[in-house]
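I have placed the structure first, in the form of structure tokens, so that the comments after it can refer back to it.
What follows draws every value from the coordinates through simple rules; no lab data is involved. As the structure is a computational prediction, the values presented were derived from the model and not from experiment. Ideal geometry is used to build each Cβ from the backbone, glycine not excepted, and the neighbour counts take in all protein chains shown.
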Amino acid sequence: MEKTLFEKIADREIPADIVYEDDLCLCFRDISPEAPTHLLLVPKKPIPRIGAAQSEDAAVLGHMMTRISDIAKTEGILESGFRVVINNGPHGGETVPHMHIHLLGGRQLLWPPG
Ligand code: 5GP
């Protein structure tokens, strides 16, 4: 199987500004940021999208959720607030078929999203 874009970033085949990494996931700056802080938190295991997650993925997905507060604190947006987004499929706006959590902050975000 061809590696996904985000597997290539995890394997350092494509450069990225990585801000956090452990054995299960990594977090790096989005190449086209929509906010002053725009990070992508990605499981190293290439789950295609949240709609394809299986019971066996519960541990890594739960682990990622627990990493968000530490990453937000390091980025200085824990107190001001931030948003987490997972785009799924065509109507969700997914463009990279390797599940990822967007972490956006550093400005007032609008609701509802477009
Ligand atoms: P999606 O649209 O699938 O929810 O999010 C994919 C995100 O990946 C987009 O926000 C896009 O800017 C980002 N992205 C696409 N290619 C690259 C890349 O090569 N490096 C980085 N750091 N981000 C990328």
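Can you tell me which residue is surrounded by the fewest Cβ atoms within 10 Å (Cβ to Cβ) among those in the range 19-28 that are without any contact (Cβ under 8 Å) to a residue 40 or more places away in the chain and not aromatic (Phe, Trp, Tyr)?
Asp23
Residues checked against (1) under 14 Å from the mean Cα position of the chain (by Cα); (2) among the basic types (Lys, Arg); (3) crowded, with 18+ Cβ neighbours inside 10 Å; (4) within 14 Å of the ligand (Cβ to nearest atom):
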{"residue": "Asp30", "(1), (2), (3), (4)": "yes, no, no, yes"}
{"residue": "Pro33", "(1), (2), (3), (4)": "yes, no, no, yes"}
{"residue": "Thr37", "(1), (2), (3), (4)": "yes, no, yes, yes"}
{"residue": "Val42", "(1), (2), (3), (4)": "yes, no, yes, yes"}
{"residue": "Ile47", "(1), (2), (3), (4)": "yes, no, yes, yes"}
{"residue": "Ile50", "(1), (2), (3), (4)": "yes, no, no, yes"}
{"residue": "Gly62", "(1), (2), (3), (4)": "yes, no, no, no"}
{"residue": "Ala72", "(1), (2), (3), (4)": "yes, no, yes, no"}
{"residue": "Glu75", "(1), (2), (3), (4)": "no, no, yes, no"}
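So, of the residues in the range 78-109 that are aliphatic (A, V, I, L, M) and over 22 Å from Val60 (Cβ atoms), which turns out to be farthest from the ligand (Cβ to nearest atom)?
Per the stated criteria, the residue is Leu78.
Could you list, in sequence order, all residues of the range 71-114 that are assigned to a loop (DSSP other than H, G, I, E, B) and within 18 Å of Pro43 (Cβ to Cβ)?
Ile86, Asn87, Asn88, Glu94, Thr95, Val96, Pro97, His98, Met99, His100
How many residues does the range 37-64 contain that are in contact (Cβ under 8 Å) with a residue 24 or more places away in the chain and either out of contact with any Leu (no Cβ under 9 Å at 6 or more places or on another chain) or hydroxyl-bearing (Ser, Thr, Tyr) (or both)?
6
Report yes if Ile68 is of a type in the set (Val, Ile, Thr), within 15 Å of the chain's Cα centre (by Cα) and within 15 Å of the ligand (Cβ to nearest atom), otherwise no.
no
Only residues that are closer than 18 Å to Leu103 by Cα and assigned to a loop (DSSP other than H, G, I, E, B): list them for the range 1-46, please.
Ala16, Asp17, Asp22, Leu24, Asp30, Ile31, Ser32, Pro33, Glu34, Ala35, Pro36, Lys44
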